[in-house]
Amino acid sequence: MYNNIITETDLGVGIITLNRPERHNAFDDALIVELSDAIDRMAADPAVRVLVISSTGKSFCAGADLNWMKRAAGYGNDENLRDSRALAEMLRKLAQCPKPTMARIQGPAYGGGVGLVACCDVAIATFEAQFALTEVKLGLIPAVISPHVIAAIGERYARRYMLTAERFSAAEAYRIGLLHEIVTDVAALDEAVGEIVDALLNNGPHALAECKQLITAVAWKPLSPQVIEDTAQRITRLRASEEGREGMNAFLEKRKPNWIAQG
């Protein structure tokens, strides 16, 4: 079905794997279209409760493909705007996916690859991974990824790494908030991803989607009466929901809720 990615679903986990190792999994227009479609499908699939973004080869994602950039150099304004909007929309879909999302980072992520990492709810990488926001080296700016990157690392660190375009290590990415965890090697990476996936699968699917919306609604907002009322309305709605009642009953009855596989 796809030429540039591999998709699979197993036991509630949807995996989208970038599969252009010979191009370091760099973005071009075809890859962006495929990623956008796959994210839509995973988001709509009731069998998928967690979405993992992964890659083959040595690199996680090297940003924009050089051949695509060469073609874009000859584009007119309308064609360039079309491509930029497509990338921005794909990243929006990932950032606003109702399912929890994870980035499994086995190698370098540059430019748009950093944006892909920043869009995910949880990001885990090996110590070998490196990162860079390299756009200004090319006379460009990290425009469409900037809302996601700044949300992940904050304005202060964005000023340094977007302006200098310097590479930084996985340890630094962890320190500034781009990563949640760093591990020694790929085997440890898969184990760490599996542990987080297991934790997510223990939780109510509807509650997870609602929790993601809550974080977006509350983040960086002052504690106003409107925010307080909004949070009260949200928990009231969830307490009365079928999933909320099932979760509370399961807790009181000392049993697993019905969204956890029995056995």
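The values are calculated or read from the model by the stated rules, or taken from the named source; none is laboratory data. These figures come from a predicted structure and were not determined experimentally. Don't worry about glycine lacking a Cβ; one is built from the backbone with ideal geometry, like all the others, and counts go over all protein chains shown.
What to note about this one:
- Residues within the range 146-188 that are in contact with a Leu (Cβ under 7 Å, 6 or more places away or on another chain) and of a type in the set (Phe, Trp, Tyr), tallied: 1
- Selected residue [farther than 15 Å from residue 114 by Cα and outside the structural domain of residue 104 (by TED's automatic domain parsing)] from 191, 181, 210, 195: 210
- Qualifying residue in the range 1-9 (condition: assigned to a helix (DSSP H, G or I) and β-branched (Val, Ile, Thr)): no
- Test set (1) surrounded by 16 or more Cβ atoms within 10 Å (Cβ to Cβ); (2) at pLDDT below 95 - residue 11 fails condition number: (1)
- The residue that is farthest from residue 135 (Cα to Cα), counting only those in the range 173-214 that are of a type in the set (Asp, Glu) and without any contact (Cβ under 8 Å) to a residue 24 or more places away in the chain, is 198.
- Subset of the range 23-40 that is of a type outside the set (A, V, I, L, M, F, W, C) and within 17 Å of residue 91 (Cβ to Cβ) - its residue that is surrounded by the fewest Cβ atoms within 10 Å (Cβ to Cβ): 40
- Residue match in the range 245-252 (condition: charged (D, E, K, R), buried (at least 16 other Cβ atoms within 10 Å of the Cβ) and in contact (Cβ under 8 Å) with a residue 12 or more places away in the chain): no
- Scanning the range 127-146 for residues that are within 24 Å of residue 100 (Cβ to Cβ), out of contact with any Ser or Thr (no Cβ under 7 Å at 6 or more places or on another chain) and either of a type in the set (Val, Ile, Thr) or touching a residue at least 40 places away in the same chain (Cβ under 8 Å) (or both) yields 129, 131, 145.
- Exclusive hit being touching a Gly at 6+ places or on another chain (Cβ under 9 Å) and assigned to a helix (DSSP H, G or I), set 245, 237: 237
- Residue match in the range 203-213 (condition: in contact with a Gly (Cβ under 6 Å, 6 or more places away or on another chain) and either within 23 Å of residue 126 (Cα to Cα) or surrounded by 15 or more Cβ atoms within 10 Å (Cβ to Cβ) (or both)): yes
- For the range 221-244, the tally of residues that are exposed (fewer than 12 other Cβ atoms within 10 Å of the Cβ) and in contact with a helix residue (DSSP H, G or I) (Cβ under 7 Å, 6 or more places away or on another chain) stands at 1.
- Among all positions in the range 142-159, there is at least one residue which is over 14 Å from the mean Cα position of the chain (by Cα) and among the acidic types (Asp, Glu).
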